[in-house]
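The values are calculated or read from the model by the stated rules, or taken from the named source; none is laboratory data. This structure is a prediction, so every number in the text was calculated from the model and none was measured. Here the Cβ positions follow ideal geometry from the backbone for every residue, glycine too, while neighbour counts run over all protein chains shown. We work out accessible area using only protein heavy atoms, side chains counted, and drop any ligands, DNA or RNA first. Shrake-Rupley method; radii C 1.70, N 1.55, O 1.52, S 1.80 Å.
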Amino acid sequence: MTADARWIPVPTNVAYDALTPGAPGTSAFAAANGWQHHPLVTAQPLPGVVFRDAAGRSRFTQRAGDVVRLPGSAALEVGNSAYTYTVQMNQMSAEWGYVAVRLPRATPALVVETRSARAVRPLPAVPDVAPLAVSAEPERAAVYAAPENAEWAQAVVTEEIVDFLDQDGMPLDLEIAEGWLFLYRPGRLSVPDPLVWRRVFGILDALDVSLSAAAGSLAGAGPFPALPKREQVARTTRHAMAKYVAAVGGLFIVVTGGAYVLFGR
């Protein structure tokens, strides 16, 4: 495969040794590799579900930190995105680590929500279509694509890709939307840990291979319509409220236990 044929510009000769415990985080890592580092980004016109709601509006107070951008004609960036939302009069926040890659050629829309990532936090929105059975273990990942692109989706979301994404220690979701490919992690992804960055680039390399192999299954050259989406408000609310109640309950136990020790005798 020539450099021009690549779908994803995976970097080589990365200076992972810059991510030592004493280094000043991702800024030193970016500088060592000649990449850009942005501590805070408040205007981010990316189309993914972590950045925009089902109606296409930017999520409330959406911002990103520790954004690392690789220079070149093909955009690739890694960062930590956050936004706020309201749950029963309580304002909650959600943080997602992400990888964003601009793809060189048109592809259909695709969303993969893995079991491990969903157990931590559901995606804020998913396509409003029935998931496809494209994996030998469909319970590990819900795969959303238009029915006419099912063969292509199966060629992209191979068992190897599912294995890469559905891991308890670092679960990831996948989205392709409007010419961009995204990886999402519930929590932070741009962190000073060489194992995280090696895994990110390893997944991108595997996706580069599967996208190339799947190109022959495309039904036409595009443009491909976007998938209608729906917010996962109920599921997100249940997760948020469970954590909120657990935190409040734990605080109550600590306070009442302390009061008993001090005054109950």
Sequence-distant residues sharing a close amide H with residue 66 (under 5 Å, placed H): 40
Residue 230-residue 106 pseudo-label distance in nm [points 7 Å out on the Cα-to-Cβ vector]: 2.8
From phi via Karplus (6.51, -1.76, 1.60), per-residue ³J(HN,Hα) for the range 180-185 in Hz, x at Gly/Pro: 10, 10, 10, 10, 10, 10
Residues of the range 94-120 with amide N under 16 Å of the 7 Å Cα→Cβ point at residue 219: 107-111
Spin-label pair residue 119/residue 16, simplified geometry with 7 Å Cα→Cβ offset, distance in nm: 2.6
Under 5 Å, built H, 5+ apart or other chain: amide partners of residue 187: 95, 96, 97
Accessible area of the range 37-101 divided out per residue, in Å², using a probe of 1.4 angstrom: 44
Inter-centroid distance (Cα atoms) of the range 9-59 relative to the range 75-112, Å: 12
Rounded to whole Hz, the Karplus (6.51, -1.76, 1.60) HN-Hα couplings of the range 50-64, x for glycine and proline: 6, 9, 9, 7, 4, 8, x, 7, 4, 5, 4, 6, 5, 8, 9
Debye log10 I(q)/I(0) at q = 0.16, 0.21, 0.23 Å⁻¹ for the range 125-239, Cα point scatterers: -0.85, -1.39, -1.56
Pairwise FRET efficiency - residue 137 versus residue 36, Cβ, R0 = 35 Å, nearest 0.05: 0.35
5 angstrom amide H check on residue 92, placed H, neighbours 5+ away: 85, 86, 87
P(r) tail fraction, the range 27-156 - alpha-carbon pairs more than 18 Å apart, %: 63
Whole-Hz couplings from phi, Karplus 6.51/-1.76/1.60, listed for the range 93-98; x for Gly and Pro: 10, 10, 10, 10, x, 8
